[in-house]
Amino acid sequence: MIKLFNYLDKKDVSRIVICIMFVIGSVWLELKMPDFMSKITRLVQTEGSKMSDILINGGYMLLCAFGSLAFTIFTGYFGAVVSSDFSMKLKKAIFDKVEDFSMEEVKKFETNSLITRTTNDVTQVEMLIGMGLHLLIKAPIMAVWAITKILGKNLTWSFITLIAIVILLSVIGIIMKIVVPRFKKVQKLTDKLNGITRENLTGIRVVRAFNAEDYEEKKFNVINDELTDTILFNQKKFALFMPVMYLVMNGVTLAIYLTGAYLINGALLTDKLNIFSDMVVFSSYSIQVIMSFLMLAVIFMILPRAQVSASRINEVLDTEIKIKDGNFDKKTKEIGTVEFKNVSFKYPDADEYVIEDISFKVGKGQTVAFIGSTGSGKSTLINLIPRFYDVTDGEVLVDGINVKEYKLESLMNKIGYVPQKAVMFNGTVNYNVSYGKSNKKISKDKINEAIKIAQAEDFVLKLDKKYEIAQGGSNISGGQKQRLSIARAIAKDPEIYLFDDSFSALDYKTDSILRRELKKYTKDSTSLIVAQRIGTVMNADNIIVLDKGKCVGMGTHMDLYKSCEVYRQIALSQLSKEELENA
């Protein structure tokens, strides 16, 4: 929790100081009221007292009450400003940290958990700060100040108040010990609930197509019921706070008045008024002490969950990023070259290599294609170039420089990446095609040219709302998403194109036209293509055949068709012998 306070700046600290001053003022005014009450009690019991004196002291009590109210309002305002500002900075810090995560860190936390940590967990900490700046500061100040006021007044009354405090602290301690572990469970269950909801919404078509609504509802209800039961358990335990507080508070008042009555009954006539006045003041101050612990009880209801949330936030912020930025951002002697030197890779905590001992070099203007059965490591291999993962063994060089030495921004500026699953963002077509930061400014003419080359012009002109794309591209088809994703890479005009199975959703005719136009446009750029279709790779300058993570063939289409059994089997499963031999 303390680590997170580093996100408070000088303005926040100033506001906190102002809050403390207002709280001190509020406490001072509240603790002055029993003094005026004592004077009024004496005046009422003293013969010859003037009504005006009673009214004046009553007026002072009203002024103290309204003054305390004003200070409390100002404290609440500044507390809200500090907590909301802190929340904004913390969310930004988490978001920025997650943006720097590699695929390894994202998979470690899971997407639904990262969403919960950025939203729900931050809200829990924000609530604690908002309320804590008032109650957490006010409670101990009021308790200590009130105790100093009553200290030495009467040993019996002081002992009664001490017993009440011990009872309260014991109840708070027991309840805290019971509920804290369950708050950890609450946040984990919230992660699971978000995950199930997200999974269901993402796969809603599949759910409906297979009539799996009941199954999804049952799966949701299991987690939802467990979460509800856990929260109810905690709330039931917290519900004991208030009855115990009021029982102790009223019990203290009753005990003070009972012992006071006994003391007054046995005192001399001249001392009775003093004892009665002290009893009224003492009971008021003892109630203030109990009220202080009542305020602390409210904080203790929020504190356990906030502590769990703070711990989860710190897990994200303290995570060491595996893909570290390099320092190289200068011009290179080579342009558009990609080289793999004895590259092997296995996923973190995995025992077996996904790709093993891969070596090849691609020169400027060349096209290299990767083909193989599902799970052979094709996508994993090209994902090592933009450093979505780092190699386990060997080196990946871009323009003769190890990718680990590049500043990530400089490396990404050299690459135009088209992912296996086309991703669209909510906004216009122009926004999606010109998305991101590039070395060159992407003009409107460049966007239109990229759309034309990607064979997306026909449907783009038909889009409603000024070429508006819905969130996730829900108003366009899979093939249309792929074409816009390819247009995005073309508009960037990079040195190196990475196509990760980016033509699979296109029909053969569109695929053929697009690749022909793309080849003309990217003749001076390097292209690395992952594909399942023989028709997509057969015209490449070099084809690399992967099988179980190993290179089992490398060469042109005809060379591999004659010499590589794996390639020949893939080819014959898609095209006839005559088509392949005459290609």
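Read-outs: derived from the displayed coordinates by stated rules, not from any lab. Being a predicted model, the structure only gives us computed values, none of them experimental. Glycine gets a Cβ as well: all are built from the backbone with ideal geometry, and neighbour counts include every protein chain shown.
At a glance:
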{"item": "Within-10-Å neighbourhood charge of residue 343 [Cβ basis; K, R +1; D, E -1]", "result": "-4"}
{"item": "Sites residue 477 and residue 342 - FRET efficiency at Förster radius 45 Å, r taken between beta-carbons, to 0.05", "result": "0.60"}
{"item": "Net charge contributed by nearby residues that have their C-beta within less than 12 Å of residue 574 (K/R +1, D/E -1)", "result": "+2"}
{"item": "Relative contact order for the chain, counting Cα pairs under 8 Å that sit 6 or more residues apart, in percent", "result": "14 percent"}
{"item": "Length-normalised contact order of segment 2-317 in % [C-alpha pairs under 8 Å, at least 6 apart]", "result": "30 percent"}
{"item": "Distance between segment 407-426 and segment 181-253 - C-alpha centres, whole angstrom", "result": "39 Å"}
{"item": "Pair residue 407, residue 6: separation of 7 Å Cα→Cβ label points (nm)", "result": "2.4 nm"}
{"item": "Relative packing of 181-191, 346-356, 155-165, 298-308, which averages over residues the other C-beta atoms within 10 Å, highest first", "result": "298-308, 181-191, 155-165, 346-356"}
{"item": "Members of 91/192; 523/548; 341/414 lying beyond 23 Å, as alpha-carbon distances in this model show", "result": "523/548"}
{"item": "Net +/- balance of residues flanking residue 213 in space, Cβ distance below 15 Å, scoring K and R +1, D and E -1", "result": "0"}
{"item": "Proximal aspartates and glutamates to residue 32, defined as alpha-carbon separation beneath 16 angstrom and excluding residues fewer than eight positions away on the same chain", "result": "278"}
{"item": "Approximate spin-label separation residue 163-residue 517, in nm, with each point projected 7 Å along Cα-to-Cβ", "result": "9.0 nm"}
{"item": "Per-pair calculated FRET efficiency, R0 = 56 Å: residue 233 and residue 55 via Cβ, rounded to 0.05", "result": "0.60"}
{"item": "Segment 253-373 pair-distance distribution - Cα-Cα, 10 Å bins, rounded %", "result": "9, 15, 15, 11, 9, 8, 7, 7, 8, 7, 3, 0"}
{"item": "0 to 90° range, to nearest 10: angle between helix 508-521 axis and the chain longest Cα axis", "result": "90 degrees"}
{"item": "C-alpha long axis of helix 213-238 to longest principal axis of the chain, angle in °", "result": "30 degrees"}
{"item": "Between 0 and 90°, nearest 10: helix 10-45 axis offset from the chain longest Cα axis", "result": "20 degrees"}
{"item": "Sequence ranges 478-488, 335-345, ranked by mean other-Cβ count within 10 angstrom, highest first", "result": "478-488, 335-345"}
{"item": "Helix-only CD estimate at 222 nm, as mean residue ellipticity for the chain, using -39500 (n - 2.57) per DSSP H run (n ≥ 4)", "result": "-21000 deg cm²/dmol"}
{"item": "Within segment 298-338, GluC sites (Glu not before Pro) in DSSP loop having at most 13 other beta-carbon neighbours inside 10 Å", "result": "320"}
{"item": "Fraction in percent of alpha-carbon pairs per bin - 10 Å, segment 152-296", "result": "10, 26, 18, 14, 12, 9, 7, 4, 1, 0"}
